[in-house]
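This report refers to the structure that appears directly beneath it.
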Amino acid sequence: ADLAAIESAGTIKVGMLVDFPPFGIQDASGTPDGYDADVAKALAESLGVQAQIVPVTGPNRIPYLLSGQVDVLVASLGITEERAQRVDFSAPYAGISIAVYGATGTEVAEPADLAGQTIAVARASTQDTGVTEVAPEGTEIRRFDDDASAVQALLSGQVNLIGLSNVVFLQVDKVAAGKFDKKFDLSSQVQGIAVAPGSDALLEKVNAFVQTARSDGTLDEIHQKWLGEPLPDFVKTAE
Amino acid sequence: MTEDAIIMRAVNKYYGGFHALADIDLTVRRGERIVICGPSGSGKSTLIRTINQLEPIQSGSIVVDGVELTAGGDNVAKVRQDVGMVFQNFNLFPHMTVLENCVLSPMKTRKTPRAEAEATARHYLERVKIPEQADKYPAQLSGGQQQRVAIARALCMKPRIMLFDEPTSALDPEMVKEVLDTMIDLAREGMTMLCVTHEMEFARAVADRVIFMDKGVIVEEGAPDAFFGNPQNDRLRNFLGQIA
Amino acid sequence: MTEDAIIMRAVNKYYGGFHALADIDLTVRRGERIVICGPSGSGKSTLIRTINQLEPIQSGSIVVDGVELTAGGDNVAKVRQDVGMVFQNFNLFPHMTVLENCVLSPMKTRKTPRAEAEATARHYLERVKIPEQADKYPAQLSGGQQQRVAIARALCMKPRIMLFDEPTSALDPEMVKEVLDTMIDLAREGMTMLCVTHEMEFARAVADRVIFMDKGVIVEEGAPDAFFGNPQNDRLRNFLGQIA
Amino acid sequence: MYQFNFQPVFDNLDLLLYGAWLTVRLSFLAMILGLVVSLLGAVAKTSGIRPLRWLVDVYVEVIRNTPFLIQIFFIFFGLPAVGISMSPNTAALVALVINVGAYGTEIIRAGIESIPKGQIEAGRALGLSPVHIFRYVVVVPALRNIYPALTSQFIYLMLTSSVVSVISANDLASAGADLNARTFASFEIYLVLTVMYFLLALGFSTLFGVVRRAFFTYPASR
Amino acid sequence: MIREFSSADVMFIVMAVRWTLVLSAVAFLGGAVGGLLIALARTSGSKALRRISAGFIQVFQGTPLLMQLFLVYFGLAVVGLPIDPLLAAAVALTLHASAYLGEIWRGSIEAVPSGQTEAATALALSYPHRMRHVVLPQAMRIATAPTVGFLVQLIKGTSLASIIGFTELTRAGQIVNNATFKPFLVFGTVAILYFILCWPLSLMARRLEARMRLAVTR
Ligand SMILES: Nc1ncnc2c1ncn2[C@@H]1O[C@H](COP(=O)(O)OP(=O)(O)OP(=O)(O)O)[C@@H](O)[C@H]1O
Ligand SMILES: Nc1ncnc2c1ncn2[C@@H]1O[C@H](COP(=O)(O)OP(=O)(O)OP(=O)(O)O)[C@@H](O)[C@H]1O
Ligand SMILES: [Mg+2]
Ligand SMILES: [Mg+2]
């Protein structure tokens, strides 16, 4: 997107998820909220424009960006090499760590133990990629449409393992306290703000915003508000 | 087996509030040939349709071949195999060829082997002069051809009683004669027949008894000679007067 | 306007490979009454159906009321308003009452106001003796009653040419007489009529000309006297022989 | 302007083709079984047996008026609670059959009711049993009258079968989604998927056409 | 950060019904008009019209609505013709519904015995009158059940419009479910709302059919 156009319009269209708590949620009045929403507002402020938040979904967020329906994505988009070929990422502004969780009784300590097991993941998510990478022959990976369905498969006993982010697992643990625990870590994942290729002027501004926000405590504050701790170090140090 | 093929006692039939058959009493002996006539809308079709229970009756009793129809469901099915019917509007099955129309029931209800059923069918199609139409569909036939298929189809069941509802209405005089000849043959073979028709020729030639209906009531009945020669009822006299 | 109501020239009609009408030439004068007879399946229905273009023809030309039918689409619509038709199987509209069946076309194509259309309809229903059935649906009528509705419906359009396909087949002799009387009245009023029928009485009484068809060909035609009194063709002699 | 690049799609065509095969198999089975359910349902609904009619009514109305997504969700995630646990692919098939059965029941019922009474009377007068009348007199004209509606429903079934990915069952749409997750060539993938679905639908239409020509081409009654 | 399933969530879901209603209304209207035209073209005497309508049906019946929505909305934007989401939804839903209704109604029109058209023709009724007064009313008898069946599917099918950004009923349910992890409660609510939207259609259809059954053919 063209920076000049955004500035003259006075608004920046930000795509964000609204079904990925606590990063993107919709509050009780239906307004988008969450970590991403706060970041988006801060970004707009630094550009001197208004943020117009457009709710997107996991599968359609990249099309939204590439077809110009939004200017940037602050949509918990994990930075991966494949994605980087399609969109341009800013420096990381958030991060999560991904692990394999499962029923407390299940004996799984490392990827090799996955053989013969059935594990649920959200289709096309970072945990999908992570599990697929390490799973040995004989692992049955069941891909659901979103984290909620994958978690439901775990809760209803259709699977006894799941690839999940630490953030979501916290919530599962509240629903079914003590029934599931972490088996092993997969990866940590940093997320970037994405712009369409060729928006170099915009990207420069976004990067400047992220650098400042990481160092001046803006992101720490937002992270504290939504996740109960400051921005983790692995995000701050990542490039 | 009783002597009587059909016994109707005090039969009443209503369509909603309309009294279509009023206290009908009628006994048909085995092998008897009966012609029913009467003005349009007088209940002739309704009468013969009650005999194989296509129309439920509201009161009275009907006994066919010694079987009480009104008694129970299963009787009806058995009786229907012995009672053939030719409808006023034919009701051929549009999705079957003429031949298939004819062999369906013999094969399914009588378990006749296909070859035999087809032979019978072709025999009767021959008799009504349309053997060459065997592989056409009903929609491809002229009105008279359809009517003849309907007759052949009913005969293929080799019924002991035949109900005809104006079996010659769509036919030209030549064909009328053919069909009537066929019916006379059947009569000779001892088949019991009830025939709604306005062909007074036919009535005179083959009927044992002629019945005149008006407004749901049997107004007069008698042997053809007495019926035509010396009608008692005014309404009937009037009716016959129109024909002459 | 020309003298001739209908002119058919070298008309050929095929059903697939079946040659249903072969080189038909026929001229009908204004006000002429024509009876068409012939064995079942000889092409009588097909012939009159080509006159209002219900059956497309493969070659030849048909001119109705001076309008060439085969020329263009729009002519056909105009011609049909002047050509009434009574079908062999009635084709009443089952979702409309008798009265609605009768007023539909006058109201829609002639823009007759409802009151007037209903008055006309009741007049013709009276004439065919079923004024009391006006509010019933076709399925609630007997065969003969349906046929009379079909006749009334066609007459409601006040056509100048009427095509009848066995208009009395489902009627009892009394009704036959009524309907024929109605037709004779119409004839007196100068209506051009083509009537497929096997009622030789009718032919003798009102026809100006009788046409005998066989296997898709007009075999013989002539005034009734000559036709019945001195038939030239073997096939026709045979046919008439069956009637006597 | 967006630069189209179909390379990643064609590199993984085998994945999509396998997905297409799964969709064909799943929908074909669901059509056959769904047709059976529909016929039984329609017979029950036109039968004189009151309780049976009510039962089918409830089935039809509940299924037709709630989303398929929720039905399949319930079958896969809900039924384990009462001890019925199925693999995702089985659950998908069961859900599809139950779903299409409800729509089919109503469609076929309408077809049965469109048969003129005289046809059934003729069957009765010939002494045919109710079963024979249904089988030989009613079924073919009834199906002919609603054939386009029924086959439309089957095509719809094939297309909506893509929803089964919510319970991790595999089909063409989920193969596309997997590929999307790896390559992010969304437009290219959606285009190719659209074409593939179109070809599958074309295949099914052709099959329906063959069936129609085999059973339903008799000349319509005048 | 997990939330309890609260009355606010219920309100959120209920409010999403308005999009379901708007999209359904658009689809019904577009589909009814388009479907009728397609059905008439498909049963017309013109070979060209029959071919074109058959092709239309094949394409828009044979491709998923989701893909149609995606390609209309994002596809047009990609080639430089950005389009309003509501317009995109209207276009895609109309094409989709026209194809299905067109095919369903074609079948019903063809099921009316040809004698009926012939009689109407012989009475000089014009094509529109023939259709309006004779053929369509009888076709309706067969068409009602499949049509209503399709319309309730269409109401539920509008959920696919969430791909182009509409937070309608199903999507609202997913959002709330992702925040609360109470699928049976959330989707149960959603199902009941759909039922409330669709059930009246079924009831209306029954009334209509019962009325039409009055005039039965012997
Ligand atoms: N379903 C129905 N509802 C109401 N009235 C009916 C119904 N069926 C028949 N009728 C009426 O019952 C009477 C008898 O009908 P039926 O068909 O038995 O007459 P019909 O003697 O066979 O006459 P036709 O010689 O014209 O065939 C008629 O007046 C008809 O209008
Ligand atoms: N659609 C069709 N396909 C094939 N053959 C047909 C079709 N319609 C009619 N025929 C044939 O054309 C011939 C003429 O039919 P038509 O209906 O004109 O006869 P008709 O003279 O009116 O006989 P009827 O007195 O029995 O009504 C018949 O032999 C019939 O089998
Ligand atoms: Mg009768
Ligand atoms: Mg004829």
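Values in this text are rule-based calculations from the coordinates and carry no lab data. What you are looking at is a predicted structure, and each value in this text was computed from that prediction instead of being measured. A quick note on method: Cβ atoms are made from the backbone with ideal geometry, for glycine too, and the neighbour counts reach across all protein chains shown.
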* Summarise the partner chain shielding of D:103-111 as one whole number: the mean count of Cβ atoms from other chains within 10 Å of each residue's Cβ. => 5
* Structure fact -> In terms of the charge dipole of the protein assembly as shown, which places +1 on Lys and Arg and -1 on Asp and Glu at the beta carbon, the residue among C:139, D:37, D:129 farthest towards the positive end is C:139
* To do: Calculate the dipole size of the stretch C:8-75 relative to its Cα centre from +1 charges on Lys and Arg beta carbons and -1 charges on Asp and Glu beta carbons; express the result in debye to the nearest 20.
  => 240
* Structure fact -> Expressed to two decimals, the stretch A:101-175 has a Cα Rg over Rh, using the Kirkwood radius, of 0.92
* Asked: In terms of the Cα gyration tensor, with a ≥ b ≥ c the square roots of its eigenvalues, is the stretch E:7-217 rounded because a/c is under 1.5, prolate because a/b exceeds b/c, or oblate?
  -> oblate
* Measuring label to label, 7 Å along Cα→Cβ, what does residue B:208 give against each other copy in nm, shortest first? -> 5.2
* So who's got an amide H within less than 5 Å of the one on residue A:53, skipping anything under 5 residues away but keeping other chains? H placed 1.01 Å off N, in plane. -> A:14
* Quote the charge dipole size of the stretch E:7-217 about the Cα centre in Debye, to the nearest 20; the model charges only the Cβ of Lys and Arg (+1) and of Asp and Glu (-1). => 500
* Asked: What does the average come to when, for each residue of peptide B:46-59, you count the partner chain Cβ atoms lying within 10 Å of its Cβ?
  -> 1
* When only DSSP loop residues count, what trypsin sites (Lys or Arg not before Pro) in the stretch A:11-75 have their Cβ near at most 16 other Cβ atoms within 10 Å? -> none
* Please state, as a whole number in µm²/s, the translational diffusion coefficient that the Stokes-Einstein equation yields for the protein assembly as shown at 25 °C and 0.890 mPa s, with Rh defined as the Kirkwood radius across alpha carbon pairs. => 71
* Asked: Points 7 angstrom from Cα along the Cβ direction at residue D:216 and residue D:199: gap in nanometres?
  -> 2.7
* Structure fact -> Taking a ≥ b ≥ c as the square roots of the eigenvalues of the Cα gyration tensor, with a/c under 1.5 meaning rounded and otherwise prolate when a/b exceeds b/c and oblate if not, chain D is oblate
* Peptide E:6-16 - average C-beta neighbours from other chains (10 Å radius) -> 2
* Structure fact -> If labels are modelled 7 Å from Cα along the Cβ direction, residue C:181 lies from its partners in the other copies at nm distances, smallest first, of 3.7
* Arrange the peptides B:3-13, D:198-208 so that the one whose residues have, on average, the most other Cβ atoms within 10 Å appears first. => B:3-13, D:198-208
* To do: Kindly give the distances from residue C:66 to its copy-mates, label point to label point, with each label point 7 Å from Cα along Cα→Cβ, as nm values to one decimal ordered shortest first.
  => 7.6
* For residue A:145, list long-range residues whose amide hydrogen, built 1.01 Å from N in the peptide plane, is under 5 Å from its own amide hydrogen. => A:123, D:168
* Would you mind working out the magnitude of the charge dipole of the protein assembly as shown relative to its Cα centre, with +1 at each Lys and Arg C-beta and -1 at each Asp and Glu C-beta, to the nearest 20 Debye? => 2920
* Could you pull out which residues in the stretch E:86-110 have an amide N less than 14 Å from a spot 7 Å beyond the Cα of residue E:76, following the Cα-Cβ vector? => E:86-96
* **Estimated inter-spin distance, residue C:221 and residue C:10, nm [label 7 Å along Cα→Cβ]** => 1.7
* Describe numerically, in nm with one decimal, the distance between label points set 7 Å from Cα along Cα→Cβ at residue D:28 and at residue E:114. => 3.5
* What FRET efficiency comes out for the pair residue D:90/residue E:51, r = Cβ-Cβ distance, R0 = 45 Å, nearest 0.05? -> 0.60
* Structure fact -> Listed by chain and number, the aspartates and glutamates with an alpha carbon less than 16 angstrom from that of residue C:13, same-chain partners under 8 positions apart left out, are C:23, C:25, C:55, C:214
* Structure fact -> In this structure, the FRET efficiency calculated for residue B:77 and residue D:36 from their beta-carbon separation, with R0 = 22 Å, to the nearest 0.05, is 0.25
* Select the chain B residue whose beta carbon lies nearest to the rotation axis carrying chain B onto chain C, and write the distance in whole Å. => B:169, 2
* Structure fact -> The set of residues whose placed amide H lies less than 5 Å from the amide H of residue C:211, leaving out same-chain residues fewer than 5 positions away, is C:35, C:36, C:37
* Structure fact -> Given B:194-202, C:176-184, the highest-first ranking by average Cβ count within 10 Å works out to B:194-202, C:176-184
* State the answer as a single residue: which of C:94, E:144, C:156 lies farthest towards the positive end of the charge dipole of the protein assembly as shown, with beta carbon charges of +1 for Lys and Arg and -1 for Asp and Glu, about the Cα centre. => C:156
* Per the Kirkwood formula on distinct C-alpha pairs, the Rh of chain C is how many angstrom? -> 18.5
* Asked: Using Cα pairs under 8 angstrom and six or more residues apart, how large is the relative contact order of the stretch D:12-215, in percent?
  -> 30
* Rank the residues A:64, B:124 as a footprinting-exposure proxy: fewest other Cβ atoms within 10 Å of their Cβ go first. => B:124, A:64
* To do: Would you mind giving the average projected area, over all directions, of the Cα convex hull of chain A in nm² with one decimal?
  => 12.9
